[in-house]
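J.: The structure under discussion is supplied below as structure tokens; questions concerning it will follow.
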Amino acid sequence: MQIAIDGLAGAGKSTVAKLVAEKLGYLYIDTGAMYRALTYLVLQKGADPGDEESVFHTLRGMDLQFHPGAGTSSYRVTVNGVDVTERIRHPDVGKFVSLVSSYGRVREAMVALQQELAEGRNVVMDGRDIGTTVLPNAELKIFLSASVEERARRRLNELAAKGYDLTLAKVIADLKQRDHIDSTRAVSPLRKAEDAVEIDTTDLSIDQVVERILALVAWRETHV
Ligand code: DC
């Protein structure tokens, strides 16, 4: 079974997707990490993230690999042999990743890679365009939403735990900007697939969201 989990930045996609994958024993594929890895490499090389040509050139020279860890949901990401798992979460990468992921040729190459990774496997894949573009035939599609204030609080906690000192107002502004770029870009913008189940996570715990998704999986297994 393929499970697609899409939604706004900070709606809880990766936390929830990892737990669902662990419970089911499925492979977890974090597509945001792929766009982040490319953005990291662009910045690290001193290339201009605003220049599509040099971003695409960087992508062609990039050897991106996912190394699954002991559990199904833990993984390391390497770019050209260097472990960048932590570095791709840096706020500077967050600032430019929406721009880098808005280019058509970049998306085309990434989508092909994601489809290859998911081919013939039981997977939980999270991102922005999984239900609409990457896995349009996924058996279960989930769209996670939450208020911008709640998403910003979660993101702030995550970043604070990693030692980054930001204000709530700054995180809200950054999220709004990312939501705007992600949902208005020309190529496969963030939107809910018609057949996706929307879950508003604002007032739900992580466990509650995971339980709802597992219930939907069980329902599909017995009824479809
Ligand atoms: O899920 P995340 O915050 O790690 O994603 C980082 C960025 O990557 C996000 O702002 C938009 C982009 N992205 C995308 O365009 N398509 C995806 N399938 C996943 C992420």
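J.: Rounded, prolate or oblate for the range 83-224? Axes are the square roots of the Cα gyration tensor eigenvalues, ordered a ≥ b ≥ c, and the cut-off for rounded is a/c under 1.5.
T.: Since a/c reaches 1.5 but b/c is at least a/b, the shape of the range 83-224 is classed as oblate.
J.: Determine, for S145, S102, the number of other Cβ atoms within 10 Å of each Cβ, and report the residues in order from fewest to most.
T.: S145, S102
J.: Each residue of the range 178-186 in turn: what ³J(HN,Hα) in whole Hz from Karplus with 6.51, -1.76, 1.60 and θ = phi - 60°, glycine and Pro shown as x?
T.: So the J values, rounded to whole Hz, are 5, 4, 5, 5, 4, 9, 10, 5, 5.
J.: Once you sort the root eigenvalues of the Cα gyration tensor of the range 58-152 as a ≥ b ≥ c, which label holds: rounded (a/c under 1.5), prolate (a/b larger than b/c) or oblate (the other case)? Write out the running numbers ahead of the final one.
T.: On the way: a/c = 1.26, a/b = 1.07, b/c = 1.17.
It comes out rounded by the Cα gyration axes.
J.: How much net charge surrounds G10 when only other residues with a Cβ under 12 Å from its Cβ are counted (Lys, Arg +1; Asp, Glu -1)?
T.: +1
J.: What distance in nm separates the two pseudo spin-label positions at S205 and L113, each 7 Å out from Cα along the beta-carbon direction?
T.: 3.7
J.: Please work out the FRET efficiency for the pair K162 and A218, using the Cβ-Cβ distance as r and a Förster radius of 35 Å; give the result to the nearest 0.05.
T.: 0.50
J.: HN-Hα J couplings of the range 155-163 from phi, Karplus 6.51/-1.76/1.60, θ = phi - 60°, integer Hz, Gly and Pro as x?
T.: 5, 4, 4, 4, 5, 4, 4, 8, x
J.: Report the trypsin sites (Lys or Arg not before Pro) located in the range 156-200 that are in a DSSP loop and have at most 11 other Cβ atoms inside 10 Å of their Cβ, or state none.
T.: K162
J.: While we're looking at this one, here's another question. Answer rounded, prolate or oblate for the range 100-151, using the Cα gyration tensor with square roots of eigenvalues a ≥ b ≥ c: rounded when a/c is under 1.5, else prolate when a/b is larger than b/c, else oblate.
T.: In terms of gyration-tensor shape, oblate.
J.: Cross-link candidates for K13: which lysines have Cα within less than 24 Å, leaving aside residues fewer than 8 places away along the same chain?
T.: Straight-distance partners of K13: K23, K95, K141, K162, K170, K176, K192.
Values in this text are rule-based calculations from the coordinates and carry no lab data. The structure presented is a predicted model; accordingly, all values stated were derived computationally and were not measured. Virtual Cβ from ideal backbone geometry, glycine too; neighbours counted across all protein chains shown.
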